[in-house]
Every structure is written in C-alpha cells, then in structure tokens.
Amino acid sequence: MLKYASIALALAALGVAQQQEWQQCGGIGWAGATACVSGTVCTVMNDYYSQCLPGTAPAGPSSTSSTAPSAPSTPAGSLPRLGGVNTSGYDFSVATNGSFSGTGVSPPVSQYPHFTAEGANLYRIHFAWQLMTPTLGGSIDSGFFSEYDQTVQAALSSGPNVYVIVDLHNYARWNGGIIAQGGPTDAQFQSIWTQLAQKYGSNERIIFGIMNEPHDLNSISTWVNSVQGVVNAVRAAGSQNYLLLPGSSYSSAQTFPTEAGPLLVLVTDPLGGTSKLVFDVHKYLDSDNSGTHPDCTTDNVQVLQTLVQFLQQNGNRQAILSETGGGNTASCESLLSNELAYVKSAYPNLIGFSVWAAGAFDTTYVLSVTPNPDGSDQPLWVDAVQPNLP
C-alpha cells in the first residue's frame, strides 16, 4: 500500500507543475511534469517525446493527446526532411588544425544506390581545402574537382530526391591559421566558395557546407563576419543554393544557443529572408562527445530540445544535425535511435541528419556504417538509422 501511496503522491506533485509552450511533457523515460500551460496541449510526437504545442486540450481529465499529429508539410522555401550518411575519403588526414598530409580517397560510389534504396536522401561529401585549391586563394584544381564531382554526381544520380552537402572539412583553418584570425584572409575563404558556386550554383539539390567544425576561435564575432562574407560572395556568384552556417566548439549543438547562435541568427541573405540559411550542428553520443568511443551514454534529446526552443524563439529558424553517430553496440543502437526519432519529430526546425560515417572507412572503423562485403548493413544502420530515415 505504501508503494501505491507514494506513486499517487508523486503523480499529484507532477500535476501541480505545468510545462511551458514547446517544452517536453512526456515520453518513454520522462519523469517530469505532464501538464501544459493554458493554451497548449501535450502532444505525442513519438514514443520517446511529447511536447507542449499550441492548441486546446481535449475534454476529459487528461491534457495529453493520444495520437501523434500528422507530419507537417514542408514549409514554403524549405528543404524536405533529410536523412542519410557522411561518406568520407577526400577528407582523410585533415587534422583539427586545418593541416593536410594525404592524397584523398574516393568513397565507393556503389554505396549511394545502396543507401538510397533503403530510404536515405542525403549524403555529406567532405574534401580537404588543400586538395580543392592547392594554393591558398588560388584556382580549383581541375583534376581533383573532376574526381570529386564524379562522386557528387553518383550520389545525386542515386535518386531523384537525393541531396548532397558539399563540405569544406578544414575546421576554419589552413595549416594551423584561423580564417581572418591570423590565418587565411576572408577574401581567400570567399574565393573557394565563389568558385564552387560557379560550378554548382545551378543545382538546387547541392547544399553548401561552408566549413566543418570551427573550434577554439579567438573571436566568434569575427568568425560570424567571415561566414557573412561567404554568404555574400556565393550570392554574388549567382548561386541560390542552401547554405549551412556553422557555429563554434566543433559546431556543437549543445553550445549553439549560448555561444555562436545569437550572432549567427543575425547573418543576412542577399536573396532576402533566411529560409536558405540553415544552421549546421554536430553532436555525438559517447561520454566526451568526441565520436571516438564505441559505446553511447546519452541520446542528446534534451540538448536538441534546447536547440529547437532557441530556433523557435529566434524567427522559427532551421538547423541540420550533419554529424552524429555511434558504435555498433547495444547502447548506441538504442540511444541513437532515440536521438534520430526526436530529430525526425522536430521537423521543420530540425531538417534532418547525416550519420558518421561510411564512404572509404572500412567496416572495422569504430563508428562505421559502411556496408559489409556481402552487401549487408551494420547493426547500427539497421536498428537506429534506417527506421528514422525520411
């Protein structure tokens, strides 16, 4: 009897508290309040997440909707739901100080129809700055671009609704120097994107990933100014492509609302509006958020909820989780599934995700989702990623 009495007291205590609009109010494992403030209703988004959304609660003692809402339509001018995988190779040996010592490896193009047939519609294809323009600020190397473009076109050709992120993978650096902060000039940064815009600006299914994982910046405001310069340069080149704007702390989704986000929301688009400016965030699930361990310790749902609240409070903006992932372990299969289910439920504020990684990684890599030689998929892909593809 005491057990049931304490449960009743706990439920009574929860009933007093009310969650604010957009806050979580239920889901598997949720121990917080389930009631929402007046004018909102606790709405089931998926098994793991219910949210207080604007509306009127149904009649009866419970304010929790029993069914999930229908999928929201794609907002005008927005990307559709996206889900897929990073295909690495041309970024191999790029260090976090922006140096490069390799030659690049072509991702196997057979992976694109393989993953597309299973529901993927997004591929993030990285490259080293030094491969694309061997001289800083110089012209694109035609030989490398031809090889890179064959990979991009193979991905695009795998399905009529497939998108590709063209990703500059240099951590806001060239050989140790930070862009506009002792390293490359803004003009040199703009040069590579002006040239890529001239080559890819007519293809609306190519998304420009302006820079992978800026970190340890001397000045975030200076970095945001550099981002604005690239936006302006790409538009001056005639491109109307979607642009991914990266923040700081390795594009951290967790620090975005308090660190780079308040400044990046001020970046403007010469096209008008902000629908083609999407924030680029990353978040891993291991103990130190490094993406180097096979086991996962968090599903990141609370971090992403905070990010979504920030986006909604700042013009209902959009972001994409372009890097996340885990090992082929039971903990990651469960926790990554939770994370990606939340990402899918949070559309259109979260456009989608791409997991790390396939491409030229072999199947022994700790976070590999590269298919096996017999064509079968890794457990993480089957159990966590594929069920949450668009």
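Kindly evaluate N232 against the criterion of being at pLDDT 95 or above, under 20 Å from the mean Cα position of the chain (by Cα) and surrounded by fewer than 22 Cβ atoms within 10 Å (Cβ to Cβ). The answer is no for N232. Scanning segment 288-304 for residues that are buried (at least 17 other Cβ atoms within 10 Å of the Cβ) and assigned to a helix (DSSP H, G or I) returns V301, V303, L304. As an exercise: evaluate I320 against (1) open to solvent by less than 20 Å² (accessible area, probe 1.4 Å); (2) within 21 Å of N212 (Cα to Cα); (3) assigned to a helix (DSSP H, G or I) and give the number of the one condition it does not meet. With respect to (1) open to solvent by less than 20 Å² (accessible area, probe 1.4 Å); (2) within 21 Å of N212 (Cα to Cα); (3) assigned to a helix (DSSP H, G or I), I320 is out only on (3). For S287, state whether it is touching a residue at least 12 places away in the same chain (Cβ under 8 Å), on the phi < 0 side of the Ramachandran plot and not hydrophobic (A, V, I, L, M, F, W, C). So S287 fails the test.
Taken over segment 132-146, the criterion of being open to solvent by 20 Å² or more (accessible area, probe 1.4 Å) and of a type in the set (S, T, N, Q) is satisfied by T135, S139, S142, S146.
Each residue in segment 103-130 was checked for being closer than 30 Å to G176 by Cβ and either hydroxyl-bearing (S, T, Y) or open to solvent by less than 30 Å² (accessible area, probe 1.4 Å) (or both), and 12 pass.
Each residue in segment 335-381 was checked for being part of a helix (DSSP H, G or I), of a type outside the set (A, V, I, L, M, F, W, C), open to solvent by 10 Å² or more (accessible area, probe 1.4 Å) and within 25 Å of Q305 (Cβ to Cβ), and 4 of them qualify.
Suppose we filter segment 207-227 for residues that are closer than 15 Å to T185 by Cα, polar (S, T, N, Q) and in contact with a strand residue (DSSP E or B) (Cβ under 9 Å, 6 or more places away or on another chain); how many remain? Going through segment 207-227 one residue at a time, the tally reaches 4.
Within segment 152-207, being under 19 Å from the mean Cα position of the chain (by Cα) and without any contact (Cβ under 8 Å) to a residue 40 or more places away in the chain holds for one residue alone: E204.
The values are calculated or read from the model by the stated rules, or taken from the named source; none is laboratory data. Being a predicted model, the structure only gives us computed values, none of them experimental. Cβ coordinates were reconstructed from backbone atoms using ideal geometry, including for glycine residues, and neighbour counts include every protein chain displayed. Ligands, DNA and RNA are stripped out before the accessible areas are found, and what is left, the full protein with its side chains, is counted by its heavy atoms. Shrake-Rupley method; radii C 1.70, N 1.55, O 1.52, S 1.80 Å.
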